[in-house]
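Below: one structure, written as structure tokens.
The values are calculated or read from the model by the stated rules, or taken from the named source; none is laboratory data. Just so it is clear, the model here is predicted, and its values are computed rather than measured. FYI the Cβ positions are ideal-geometry reconstructions off the backbone, even for glycines, and counts take in every protein chain you see.
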Amino acid sequence: MQIGVSVVAVVVKTERLALTVVILCQCREMDVKEEQRAAIEFCCKVDFSVTKTVELIHKAYGDAVLSRTTIFEWHKRFREGRKSVKDDERCGRSITSRTDGNIAAVDKMVKEDRNVTSRLIADTLGIPKTVVLRILREDLKKRKLYSRFVPHALTREQMDERVAEFVQEGCTVNVEYYKGVLDRLISRIRRVRPALYRTRKFFLLHDKAPAHSAAKIRQFLTQKQVTTLNHHPYSPHLSPPDYFLFPKVKLQLKGARFDTIQKAVTKQLNKIPAEDFSNAMKKLETRANLCITSNGSYFE
């Protein structure tokens, strides 16, 4: 709690007005919101425009300032004759803003836009920013990561969805990152196809991206006894993801709306029959032979 005189004194000092206006709120204790409302009321009394009022309140309060929309609303109320700086009494008003309804509303806003700010949520729902943060952290178990709200801890279902290995926004696929991907891939082959893992009768086809062709990656694959197939540059017709997987997924997602791209892509991947993947790999041999027949030129 602070004494209301502080805000008005700043306004008075800023505009070099008569010191007698301090009497407006020095005699009673008020919270920060009420202080700012008192300053807004004073600006109305001395006929400051709403734009000038916003400027002064921002200068006086900095990060603790009311939102621009709120200042406009209270300026309008005082222009229309309002006298009190306190909130209106509401019938059946909850003691706390941390209600089931507000929790659901915050959750909906975050799902619709992972980049939404806590300030925007507070202004939209008309609840304090501190309450929004408590709802996000304690009720929804979310935290900020790369300017996005994400779960504190992944559930089993969420971890299963991440098997497709999506790269987080803001991450770079460098040597260390790719090495981790390959390590998880090999571990999964060992778990799901143990016979193939023991005999090493599988091949790795990846392009010549810097992270893929780095010496550290080649050494890692040699150590793991993984045979790689060379992928020539500018050859999407010899890359199963390019001629089979990506077009198949894109076709299903085109024109559709979805909550998250990761969930939508994972759903489509799970719909593709195992036989289609097998046929796509068989076509790779056919396409490679066509490439040889055409002396390395592109073919239909």
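Among the residues of segment 91-120, those that are modelled with pLDDT under 85, under 22 Å from ASP259 (Cα atoms), in contact with a helix residue (DSSP H, G or I) (Cβ under 9 Å, 6 or more places away or on another chain) and in a helix (DSSP H, G or I) comprise MET109, VAL110, SER118, LEU120. The set of residues in segment 173-219 that are out of contact with any Phe, Trp or Tyr (no Cβ under 9 Å at 6 or more places or on another chain) and among the aliphatic types (A, V, I, L, M) comprises VAL173, VAL175, VAL181, LEU185, VAL192, ALA195, LEU204, LEU205, ALA215.
LEU290 fulfils the conditions (1) surrounded by fewer than 12 Cβ atoms within 10 Å (Cβ to Cβ); (2) over 28 Å from VAL173 (Cα atoms); (3) over 35 Å from the mean Cα position of the chain (by Cα); (4) modelled with pLDDT of 80 or more except for a single criterion, (1). Any residue that is within 22 Å of VAL181 (Cα to Cα) and free of Cβ contacts under 8 Å to residues at least 12 places away in the same chain - is there at least one of those in segment 247-258? Within segment 247-258, none of the residues are within 22 Å of VAL181 (Cα to Cα) and free of Cβ contacts under 8 Å to residues at least 12 places away in the same chain.
Pairing residues of segment 194-206 that are in the same structural domain as THR222 (by TED's automatic domain parsing) with residues that are β-branched (Val, Ile, Thr) and modelled with pLDDT of 85 or more, at Cβ distances under 6 Å and at least 6 apart in sequence or on separate chains, gives TYR197/ILE189; PHE203/THR227; LEU204/VAL226; LEU204/THR228.
Just give me the residues in segment 193-250 being aromatic (Phe, Trp, Tyr) and either under 27 Å from ILE272 (Cα atoms) or exposed (fewer than 13 other Cβ atoms within 10 Å of the Cβ) (or both), in sequence order. Write out each step before concluding.
Just the residues of segment 193-250 that are aromatic (Phe, Trp, Tyr), to begin with: 197, 202-203, 220, 234, 243-244, 246.
Answer for segment 193-250, where residues must be aromatic (Phe, Trp, Tyr) and either under 27 Å from ILE272 (Cα atoms) or exposed (fewer than 13 other Cβ atoms within 10 Å of the Cβ) (or both): TYR197, PHE202, PHE203, TYR234, TYR243, PHE244, PHE246.
Scanning segment 210-227 for residues that are part of a helix (DSSP H, G or I), more than 23 Å from TYR197 (Cα to Cα) and in contact with a helix residue (DSSP H, G or I) (Cβ under 6 Å, 6 or more places away or on another chain) gives a single hit, ALA211. Among the residues in segment 253-274, are any surrounded by 11 or more Cβ atoms within 10 Å (Cβ to Cβ) and of a type in the set (Phe, Trp, Tyr)? So far as segment 253-274 goes, yes, one or more of its residues are surrounded by 11 or more Cβ atoms within 10 Å (Cβ to Cβ) and of a type in the set (Phe, Trp, Tyr). Residue count for segment 228-265 satisfying the condition of being more than 17 Å from LYS208 (Cβ to Cβ) and outside any helix (DSSP H, G or I): 7.
Annotation note: Cβ proximity below 7 Å between a residue of segment 121-142 that is on the phi < 0 side of the Ramachandran plot and a residue that is part of a helix (DSSP H, G or I) and of a type in the set (Lys, Arg) (sequence gap 6+ or interchain) occurs for ALA122/LYS129; LYS129/ARG119. Entry remark, segment 116-140: residues being under 16 Å from LYS33 (Cα atoms) and crowded, with 18+ Cβ neighbours inside 10 Å number 3 in total.
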